[in-house]
Amino acid sequence: MTDVNTMPGHLIRRYHQASVAIFHTEATKLGYDLTPVQYAALAKIDAHPGIDQVTLAGLIAYDRTTITGVVDRLEQKKLLVREVSTTDRRARVLKLTGQGRDTLTELTPAVDKAQALMLSGLEPEEQLIFLHLLQKAAAGVNSLSRAPLKASD
């Protein structure tokens, strides 16, 4: 029987648990109550102001149905607003509020620190290799995901 501690799925789950815990620790130190997905949503909305929820879901590889809850919570926290699209009155577009931009600016150094902590078990050269292989592995199974990553413009 194969040892589960050598299975990629098990190792990825453990690494994910640690990465979320590290993110929360660093965000909480600054007084923020945000999840990694909420941070990713803010970052993508900042990079693509006026995108809709479906586009946002594709840019962060998140389920189109579940993204609604993420956006709802960010709106409740007054970090973004939904506005009627100027090109399609039925559609809503997403924009950061001033508080959302400030949050992103203040939180980004902590997120950078969290990323460094996540990779701290590796030598600098190994970190680059690990990230390259992780991106390659994720791309290799992207089409099998319930929420595949969509390329950004």
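Every number here is computed from the coordinates shown, using simple stated rules; none is lab data. Just so you know, these numbers come straight off a predicted model, no measurement behind them. Cβ: placed from backbone, ideal geometry, glycine included. Neighbour counts: every protein chain shown.
Which of the residues that make up the range 75-114 are part of a helix (DSSP H, G or I) and over 19 Å from E26 (Cβ atoms)?
E75, Q76, G98, Q99, R101
Scan Q135, Q127 and give me the residue that is free of Cβ contacts under 8 Å to residues at least 60 places away in the same chain and out of contact with any Leu (no Cβ under 6 Å at 6 or more places or on another chain).
So the residue among Q135, Q127 that is free of Cβ contacts under 8 Å to residues at least 60 places away in the same chain and out of contact with any Leu (no Cβ under 6 Å at 6 or more places or on another chain) is Q135.
Taking the residues in the range 45-70 that are part of a helix (DSSP H, G or I) and touching a residue at least 60 places away in the same chain (Cβ under 8 Å) as candidates, determine which candidate is surrounded by the most Cβ atoms within 10 Å (Cβ to Cβ).
A57
Filter the range 1-44 for residues that are part of a loop (DSSP other than H, G, I, E, B) and not acidic (D, E); which is farthest from R101 (Cα to Cα)?
In this case the residue turns out to be M1.
Residues of the range 80-127 being hydroxyl-bearing (S, T, Y) and buried (at least 16 other Cβ atoms within 10 Å of the Cβ), which ones?
T103
Quickly run through the range 114-132 and pick out the residues that are more than 19 Å from the chain's Cα centre (by Cα) and among the hydrophobic types (A, V, I, L, M, F, W, C).
Answer for the range 114-132, where residues must be more than 19 Å from the chain's Cα centre (by Cα) and among the hydrophobic types (A, V, I, L, M, F, W, C): L122, L128, I129.
I'm trying to understand the selection: among the residues of the range 133-153, which are surrounded by 12 or more Cβ atoms within 10 Å (Cβ to Cβ), more than 15 Å from the chain's Cα centre (by Cα) and of a type outside the set (S, T, N, Q)?
L134, A137
Kindly establish whether V70 is over 19 Å from Y15 (Cβ atoms) and either in contact with a strand residue (DSSP E or B) (Cβ under 6 Å, 6 or more places away or on another chain) or of a type outside the set (S, T, N, Q) (or both).
Spelling it out, V70 is indeed over 19 Å from Y15 (Cβ atoms) and either in contact with a strand residue (DSSP E or B) (Cβ under 6 Å, 6 or more places away or on another chain) or of a type outside the set (S, T, N, Q) (or both).
For the range 85-110, name all the residues that are touching a residue at least 40 places away in the same chain (Cβ under 8 Å), in contact with a strand residue (DSSP E or B) (Cβ under 9 Å, 6 or more places away or on another chain) and more than 16 Å from A40 (Cβ to Cβ).
R92, V93, K95
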